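The structure appears right after this line, and notes come after that.
The values are calculated or read from the model by the stated rules, or taken from the named source; none is laboratory data. Here the structure is a predicted model, which is why all the values come from computation and not from measurement. Counting neighbours? That spans all protein chains shown, and the Cβs are built from the backbone with ideal geometry, glycine included.
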Amino acid sequence: MALTLTIMAPDDAHLHLRDGASLLYTVAASAQSFKRAVVMPNLVPPITSVDAAGAYRDRILQALPQGTSFTPLMTLYLTDQTTPETIDTVAASGFVRAIKLYPAGATTNAHAGVTQLERLMPVLERMTYHQIPLLMHGEVTDPLVDIFDREAVFIERVLAPLRGVLPELPMVLEHITTADAVAFCRAQSGRFAATVTPQHLLYQRNDMLVGGIRPHLYCLPILKRRHDQEALVQAVVSGDSRFFLGTDSAPHARHSKEAACGCAGVFNAPVAMEVYAHVFEEQNALDRLENFSSRFAADFYQMPHNTDTLTLIREPWVVPEQMSYGTQGSLIPLLAGQQLNWKVHHG
Ligand code: NCD
Ligand code: ZN
């Protein structure tokens, strides 16, 4: 009999679902493994009001395949125009769970992001008052800062000072990629956490750049050194509740990845739980997977734990080379054409 692992159903604390016809493909892929997901607001135009978030949530739920249950946890996109009153509407909404900070221009669809965070202090203070988490894309956009240093410099220039001024503001440093970020998180107390993606646990920048450039591994923050990868793996398997699952699954049609100027983002939803299981197994830490995938984010967001379960089977399978993206062509999933030893059991 195949080895199986049954865990409390997991939550994805960082997910890009896109909009319109894309939802048919993205929502189904995530709902196969995850019960809830914190849905990123970087649409065009961005989601900046509770009303827009509510309409977006309805579109996501309409795209859900029959018979699946999946709860989108909505977020608003912080802009230079966000007001403290917007934060009051978030607190009253019951379904918008967090506010996302994109430094202007930092990543895909971040044009509308924040130019001067200092000017948003009244907004951040109101978030502290209501205890609404600030989710951060933690990279500076200063053209003088090397792309491989942008996370570490964000921590030094933006995050550490902000934490000093507003120590009670709940924060998540999203998709961390460096040993510096791991060390910073470990030094925090209170409501502070970080999400970690499958690709940053599996890969380092050599995997993307040596022997040819692999555009499907290009995401932001960009893959770092082996030393960073090892620090991330140790952080997630350590059982520290400040590190939890956030896939950052970020689909882009194949033609916009395989291009002279390819988009940033890795579509990992179809393999995410399988990759996390693989990483934990390699570290002899499968007994800690459930906390990372299914408890720590719920605790951070002060939500009940899921009551149903997910079963993974230890059974080799080959990830599809590509998947349909409807009229947009195809999506290339993480690990396309490669073998994985764990498989989520469906039905
Ligand atoms: C994300 C996207 O495509 O929306 N891309 C990425 O490389 N991670 C945006 C983001 O989270 O940076
Ligand atoms: Zn993201």
Handout entry: Subset of segment 87-126 [of a type in the set (S, T, N, Q) and within 16 Å of ligand 1 (Cβ to nearest atom)]
Key = 107, 108, 109
Handout entry: Residues that are over 20 Å from residue 133 (Cβ atoms) and within 16 Å of ligand 2 (Cβ to nearest atom), drawn from segment 1-26
Key = 18, 19, 22, 26
Fill in the blank from the handout: residue 67 meets each of (1) modelled with pLDDT under 95; (2) within 16 Å of ligand 2 (Cβ to nearest atom) with one exception, condition (2)
Practice task
Scan segment 12-51 for residues that are under 23 Å from residue 104 (Cβ atoms), in a loop (DSSP other than H, G, I, E, B) and either among the β-branched types (Val, Ile, Thr) or more than 12 Å from ligand 1 (Cβ to nearest atom) (or both) and report the count.
Solution key: 5
Fill in the blank from the handout: Going through segment 186-226 in order, the residues found to be buried (at least 22 other Cβ atoms within 10 Å of the Cβ) and without any contact (Cβ under 8 Å) to a residue 60 or more places away in the chain are 194, 196, 200, 219, 223
Exercise for the section: Within segment 105-121, track down each residue that is within 16 Å of ligand 2 (Cβ to nearest atom) and out of contact with any Cys (no Cβ under 8 Å at 6 or more places or on another chain). Expected result: 105, 106, 107, 109, 110, 111, 112, 113, 114
Exercise for the section: Pairs only if they're at least six apart or on different chains, beta carbon under 6 angstrom, first in segment 86-108 and closer than 15 Å to residue 171 by Cβ, second within 16 Å of ligand 2 (Cβ to nearest atom) and of a type in the set (Ser, Thr, Tyr); list them, first residue then second. Expected result: 98/75; 100/75; 100/77; 103/141
Completion exercise
Matching residues in segment 233-256 (away from ligand 2 (no atom under 16 Å from the Cβ) and either in contact with a His (Cβ under 6 Å, 6 or more places away or on another chain) or over 30 Å from residue 329 (Cβ atoms) (or both)) number 11
Problem - Check on residue 264, within 14 Å of ligand 2 (Cβ to nearest atom), surrounded by fewer than 24 Cβ atoms within 10 Å (Cβ to Cβ) and touching a residue at least 12 places away in the same chain (Cβ under 8 Å) - result: yes
Exercise for the section: Please work out which one of (1) under 17 Å from residue 170 (Cβ atoms); (2) in contact with a Ser or Thr (Cβ under 7 Å, 6 or more places away or on another chain); (3) surrounded by fewer than 23 Cβ atoms within 10 Å (Cβ to Cβ) is the condition residue 158 fails and give its number. Expected result: (2)
Handout entry: Single residue of segment 289-308 satisfying the filter (closer than 30 Å to residue 337 by Cβ and of a type outside the set (Gly, Ala, Ser)) that is surrounded by the fewest Cβ atoms within 10 Å (Cβ to Cβ)
Key = 290
Practice task
Hey, could you check segment 244-261 for residues that are surrounded by fewer than 24 Cβ atoms within 10 Å (Cβ to Cβ) and in contact (Cβ under 8 Å) with a residue 12 or more places away in the chain and say which is nearest to residue 179 (Cα to Cα)?
Solution key: 257
